[in-house]
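Asks: Before I ask anything, let me first share the structure, which is written out below as structure tokens.
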Amino acid sequence: MEYAGSVASTDATPFRRVRERELIDATRALFDERGVQDAPIDDIAKAVGINRALIYRHFSSKEELFVLTVTDYLDELAELVRASVDGSEGPRESLERGLDAFAGFCLRYPAFLDCALSLMRRPARELHDRVSESVWFRLGQGMAALLSLLTANLAEGKRTGAFALEDPAFTANLLYTQILGAMHLARLGGGVRELAPGVPEFFRTDPQQVRVACVASALATVTA
């Protein structure tokens, strides 16, 4: 598919790389402090000490900065998952550790959860049309780095008979979305039940309870 929007410069000089890193760090800091909805471009520019107009010398749109910030979260998450599975005894323990690290990351960085869910709500074609090919590719790299860890684990579990599944890559994507959706319950802080016929009631949920339950549910999806 051809890219129809404006494209940010791909000049990768050391200065541009440093400035891009500063802008992504500032965006993450504001996301983590205030939430995704309360991080306007003006405040990001102010945090770095530049005029907001200069941001668009590095990114063709706010969407590009948003996507690269999500990619930064994904890179950190992939490293966390990789470290968490070291020393695991068998694919089941490895998957459990990796998914628990994933769920814990969602609790530690609610802004990541919001960002990831926001991306999932947008059709891929629509997002692709609003960012440059290089930014789109980097997002793909970030997601693939994480999903490849899950896929390799699932493939090994399938090979040894520990897991019952057909397609490890598909299942990795399924578990990725499953964890995000389940951890949104922790983000909300509660659920809804029927107190009496026609009478709804909000009840609070413990974030760690949600974390344990979503990992157990994901394991049940693949366990033979």
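Readers should treat all values here as calculations from the given coordinates under stated rules, not as data from a laboratory. Small disclaimer: the values here were computed from a predicted structure and weren't measured. Here Cβ is always computed from backbone atoms with ideal geometry, including for glycine, and neighbour counts include all displayed protein chains.
Asks: Pairs needed: first member in the stretch 138-165, under 30 Å from E20 (Cα atoms) and in contact (Cβ under 8 Å) with a residue 40 or more places away in the chain; second member anywhere, outside any helix (DSSP H, G or I) and among the β-branched types (V, I, T); C-beta distance under 9 Å; at least 6 residues apart or different chains.
Replies: Close Cβ pairs satisfying both conditions: L139/V131; L149/V85.
Asks: Within the stretch 145-154, does at least one residue satisfy the condition of being surrounded by fewer than 15 Cβ atoms within 10 Å (Cβ to Cβ) and within 12 Å of the chain's Cα centre (by Cα)?
Replies: No.
Asks: Which of the residues that make up the stretch 195-224 are closer than 15 Å to A164 by Cα, exposed (fewer than 13 other Cβ atoms within 10 Å of the Cβ) and in contact (Cβ under 8 Å) with a residue 12 or more places away in the chain?
Replies: A224
Asks: Hey, among the residues in the stretch 156-170 that are in a helix (DSSP H, G or I) and touching a strand residue (DSSP E or B) at 6+ places or on another chain (Cβ under 9 Å), which one's surrounded by the most Cβ atoms within 10 Å (Cβ to Cβ)?
Replies: Result: G157.
Okay, residues lined up against (1) surrounded by fewer than 18 Cβ atoms within 10 Å (Cβ to Cβ); (2) more than 17 Å from M183 (Cα to Cα); (3) in contact (Cβ under 8 Å) with a residue 40 or more places away in the chain; (4) in contact with a Pro (Cβ under 7 Å, 6 or more places away or on another chain):
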{"site": "E89", "(1), (2), (3), (4)": "yes, yes, no, no"}
{"site": "R97", "(1), (2), (3), (4)": "no, no, no, no"}
{"site": "A103", "(1), (2), (3), (4)": "no, no, yes, no"}
{"site": "C115", "(1), (2), (3), (4)": "no, no, yes, no"}
{"site": "M120", "(1), (2), (3), (4)": "yes, no, yes, no"}
{"site": "D129", "(1), (2), (3), (4)": "yes, yes, yes, no"}
{"site": "V135", "(1), (2), (3), (4)": "no, yes, yes, no"}
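Asks: Quick check on my filter: what residues within the stretch 60-85 are crowded, with 21+ Cβ neighbours inside 10 Å and under 11 Å from R130 (Cα atoms)?
Replies: Hits for the stretch 60-85 are E64, V67.
Asks: Check whether at least one residue in the stretch 55-62 is more than 21 Å from A144 (Cβ to Cβ), without any contact (Cβ under 8 Å) to a residue 24 or more places away in the chain and of a type in the set (A, V, I, L, M), and report yes or no.
Replies: Taking every residue of the stretch 55-62 in turn, none turns out to be more than 21 Å from A144 (Cβ to Cβ), without any contact (Cβ under 8 Å) to a residue 24 or more places away in the chain and of a type in the set (A, V, I, L, M).
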